Amino acid sequence: MRQAYRTALVTGASSGIGESFARLLAGRGTDLVIVARRTDLLDRLARDLVERYRVAVEVIAADLTDPVQRGAVERRLRAEPVELLVNNAGYGAFGPFAELPLGDQLTEIELNVTALVRLTHAVLPGMIARGRGGVLNVASMSGFAPSPGSATYGATKAYVASFSESVHAEVAAKGVHVTTLCPGFTRTEDDAPANLLWLRREEVARAGLDAVSLGRALCVPGAQYRAALPALKLVPRPLLRAAVNRMWQQASDSR
Ligand SMILES: NC(=O)c1ccc[n+]([C@@H]2O[C@H](COP(=O)([O-])OP(=O)(O)OC[C@H]3O[C@@H](n4cnc5c(N)ncnc54)[C@H](OP(=O)(O)O)[C@@H]3O)[C@@H](O)[C@H]2O)c1
């Protein structure tokens with residue numbers, strides 16, 4: 001059954017795909033809580049959405065890798081439930097694992113995994129009790145394949161996809177929709193055209209919102225990426241590993 005959401009919390013709404021989620025939801029009349037670190041961008045977005053769409057927008061400035069600031073967001077979700085949670089905030093450090101600072105990669109896990117799990121846990125019991133609600137978790141196509149050059153990022157996105165699919169199965173019959181959104185390469189600046197490889201952020205956000213409202217387990221935006229998905233699953237893993245490693249090496253050599 002298609003669900004419409006009167007209230008939503010979007011993490012990472014200050015730019016990129018998260019800003020598109022916020023704009024599309026506001027355009028559908030959804031009251032918003034928007035979360036990120038850059039307060040100036042959040043405030044500007046909030047003013048624009050209120051003026052344009054006459055929705056209520058609450059700004060929470062929070063670093064979701066900081067347990068204290070993240071805790072405030074969790075408490076907000078428990079105290080005043082939202083009907084849709086979009087776990088979009090995410091980050092990836094690129095380079096060989098052994099050469100990247102360990103701290104950066106642990107912070108990446110805090111944001112991409114720990115924050116997503118904690119916020120999901122903050123909303124789900126209430127949604128189950130009410131028999132409706134949605135959680136849209138942003139993973140990535142890179143979660144489906146080995147990711148040399150972004151080993152930690154790829155692993156966090158594989159976690160998000162596996163975790164979200166399992167929770168989807170647990171709660172689907174209780175009226176709660178949990179959806180994994182797996183974008184491929186997505187241009188995050190305004191008005192950038194799509195091409196064979198690159199998606200536009202608005203089409204990614206729209207596909208994710210449609211999928212969660214319909215209760216789909218998985219959403220892969222873009223026909224080109226949907227076409228690639230079976231190959232990623234069918235190609236023998238050693239071949240896939242060698243191919244992505246070669247691509248990574250060539251990209252590194254050409255820099
Ligand atoms: N673009 C792509 O090609 C692509 C492909 C597949 C998946 N994705 C996923 O899509 C999601 C959005 O990515 P994007 O490309 O739109 O990136 P983006 O433009 O860099 O946006 C990332 C958002 O996350 C927020 N954020 C980062 N660190 C944070 C922190 N510590 N605490 C709170 N918020 C934080 C940023 O806001 P502040 O800096 O203001 O905190 C920003 O709003 C991510 O999960 C990403 O992994 C992107």
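For the reader, a short list of remarks on this structure follows.
- Test for Asp253: is it within 22 Å of Thr30 (Cβ to Cβ) and surrounded by fewer than 16 Cβ atoms within 10 Å (Cβ to Cβ): no
- Scanning region 20-45 for residues that are assigned to a helix (DSSP H, G or I), more than 11 Å from the ligand (Cβ to nearest atom) and either within 17 Å of Val212 (Cβ to Cβ) or in contact with a Pro (Cβ under 7 Å, 6 or more places away or on another chain) (or both) gives Arg23, Leu24, Leu25, Ala26, Gly27.
- Gly154 passes every criterion in (1) open to solvent by less than 60 Å² (accessible area, probe 1.4 Å); (2) over 16 Å from the mean Cα position of the chain (by Cα) apart from (2).
- Some residue of region 41-62 being hydroxyl-bearing (Ser, Thr, Tyr), more than 24 Å from Ala155 (Cα to Cα) and surrounded by 14 or more Cβ atoms within 10 Å (Cβ to Cβ): yes
- Residue match in region 87-104 (condition: among the acidic types (Asp, Glu), under 24 Å from Ile60 (Cα atoms) and at pLDDT 95 or above): yes
- Taking region 212-232 as the range and being more than 14 Å from Gly143 (Cα to Cα), outside any loop (DSSP other than H, G, I, E, B) and in contact (Cβ under 8 Å) with a residue 40 or more places away in the chain as the test, the residues that pass are Val212, Ser213, Leu214, Gln224.
- Remark: pairs (first residue in region 48-75, within 27 Å of Gly103 (Cα to Cα); second residue more than 15 Å from the ligand (Cβ to nearest atom) and in a helix (DSSP H, G or I); Cβ separation under 7 Å; 6+ apart in sequence or on different chains) = Glu74/Ala122.
Condition check ((1) touching a helix residue (DSSP H, G or I) at 6+ places or on another chain (Cβ under 9 Å); (2) not β-branched (Val, Ile, Thr)) across all residues:
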| residue | (1), (2) |
| --- | --- |
| Gly134 | yes, yes |
| Ser142 | yes, yes |
| Thr156 | yes, no |
| Phe163 | yes, yes |
| Arg187 | yes, yes |
| Val212 | no, no |
| Tyr225 | yes, yes |
| Leu234 | no, yes |
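- Checked against the criteria, Arg201 counts as of a type in the set (D, E, K, R), within 12 Å of the ligand (Cβ to nearest atom) and in contact (Cβ under 8 Å) with a residue 40 or more places away in the chain.
- A single member of Leu229, Leu239 is over 22 Å from Ala13 (Cβ atoms) and open to solvent by 60 Å² or more (accessible area, probe 1.4 Å), and it is Leu239.
- The residues of region 233-249 that are without any contact (Cβ under 8 Å) to a residue 60 or more places away in the chain and among the β-branched types (Val, Ile, Thr) amount to a single one, Val235.
- Selection within region 195-221: residues that are touching a Phe, Trp or Tyr at 6+ places or on another chain (Cβ under 9 Å) and of a type in the set (Gly, Ala, Ser). The member of this set that is surrounded by the most Cβ atoms within 10 Å (Cβ to Cβ) is Ala205.
- Failed condition for Ile17, given (1) of a type in the set (Val, Ile, Thr); (2) more than 8 Å from the ligand (Cβ to nearest atom); (3) surrounded by 23 or more Cβ atoms within 10 Å (Cβ to Cβ): (2)
The values are calculated or read from the model by the stated rules, or taken from the named source; none is laboratory data. Everything numeric in this text was worked out from a predicted model, so none of it was measured. Every residue, glycine as well, gets a Cβ built from its backbone with ideal geometry; the counts of neighbours run over all protein chains shown. Keep in mind that these areas ignore ligands, DNA and RNA; they rest on the heavy atoms of the full protein, side chains included. Shrake-Rupley method; radii C 1.70, N 1.55, O 1.52, S 1.80 Å.
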